[in-house]
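Asker: First, the structure itself, so that you have it in front of you.
The values are calculated or read from the model by the stated rules, or taken from the named source; none is laboratory data. In this text the structure is predicted, and so the values were computed from the model without any measurement. Positions of Cβ are generated from backbone atoms using ideal geometry, with glycine treated the same way; all protein chains shown enter the neighbour counts.
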């Protein structure tokens, strides 16, 4: 086995271990949660979707550098900020979780007002970076399924900040 193969196998095992530990902590939190007020069901579903998207993106070559990023200058948050290691692009990722596709697909919730909010939040984030840093806006749709892995779909470059000017 080459050093690269060994390193890859170690990284994969490490990722699985982190995912298992996070799952165990979620189960423990589920047991302890009745001791304090529970979140609304839709907020719990959203948090589970963001967690699933986080691990899915890591597995698919993204390096997540921030979760639920906020600034004092604006309202709102960016669900995930990550580098796409394939092309070195900084990605501002909006995660939308839905229990079904019956009404409308999850990605359709990223409408024009939501896009404007994300663009302004990303502008605040990018103030600390060199201006030539490539970036884009991705959307991840998550549909949880009982007893199985969630159905996750990535929409790279889902919208552009240039058409909002």
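Asker: For residue 94, which of the numbered conditions (1) buried (at least 16 other Cβ atoms within 10 Å of the Cβ); (2) modelled with pLDDT under 90 fails to hold?
Answerer: Here residue 94 meets the rest and fails (2).
Asker: Name the residues in the range 110-150 that are more than 23 Å from residue 84 (Cα to Cα) and loosely packed, with under 15 Cβ neighbours inside 10 Å, would you?
Answerer: Correct list: 111, 112, 113, 145, 146, 147, 148.
Asker: Sort out which residues of the range 82-108 are under 16 Å from residue 160 (Cα atoms) and part of a helix (DSSP H, G or I), and write them in order of number.
Answerer: 107, 108
Asker: Continuing with the same structure: Taking the criterion of being assigned to a loop (DSSP other than H, G, I, E, B) and at pLDDT 95 or above, would at least one residue in the range 125-141 satisfy it? Before the answer, list the steps.
Answerer: Filtering the range 125-141 down to residues assigned to a loop (DSSP other than H, G, I, E, B) leaves 127-134.
Remaining after also requiring at pLDDT 95 or above: 134.
Yes.
Asker: So is residue 65 without any contact (Cβ under 8 Å) to a residue 60 or more places away in the chain and surrounded by 15 or more Cβ atoms within 10 Å (Cβ to Cβ) or not?
Answerer: no
Asker: When the residues of the range 26-44 are narrowed to those that are under 21 Å from residue 142 (Cα atoms) and part of a helix (DSSP H, G or I), which ends up modelled with the highest pLDDT?
Answerer: My answer is 44.
Asker: What are the pairs, 6+ residues apart or on separate chains, where a residue within the range 118-131 that is without any contact (Cβ under 8 Å) to a residue 60 or more places away in the chain and in the same structural domain as residue 78 (by TED's automatic domain parsing) has its Cβ under 8 Å from a residue that is surrounded by fewer than 13 Cβ atoms within 10 Å (Cβ to Cβ) and not in a helix (DSSP H, G or I)?
Answerer: So the pair list comes out as 120/74; 121/74; 124/73; 124/74; 126/133.
Asker: With respect to residue 160, determine if the residue is out of contact with any helix residue (DSSP H, G or I) (no Cβ under 7 Å at 6 or more places or on another chain), modelled with pLDDT under 95, within 18 Å of residue 49 (Cβ to Cβ) and assigned by TED's automatic domain parsing to the domain that holds residue 53.
Answerer: no
Asker: Sort through 53, 47 and tell me the only one that's part of a helix (DSSP H, G or I), touching a strand residue (DSSP E or B) at 6+ places or on another chain (Cβ under 6 Å) and under 18 Å from residue 151 (Cβ atoms).
Answerer: After ruling out the rest, the residue left standing is 53.
Asker: Test residue 119 against the stated conditions and say whether it is in a helix (DSSP H, G or I), at pLDDT 95 or above and in contact with a helix residue (DSSP H, G or I) (Cβ under 6 Å, 6 or more places away or on another chain).
Answerer: Yes; evaluated as a whole, the condition is true for this residue.
Asker: Now, a different point. Does the range 146-158 contain any residue that is in contact (Cβ under 8 Å) with a residue 24 or more places away in the chain, assigned to a helix (DSSP H, G or I) and in contact with a strand residue (DSSP E or B) (Cβ under 6 Å, 6 or more places away or on another chain)?
Answerer: Within the range 146-158, not a single residue is in contact (Cβ under 8 Å) with a residue 24 or more places away in the chain, assigned to a helix (DSSP H, G or I) and in contact with a strand residue (DSSP E or B) (Cβ under 6 Å, 6 or more places away or on another chain).
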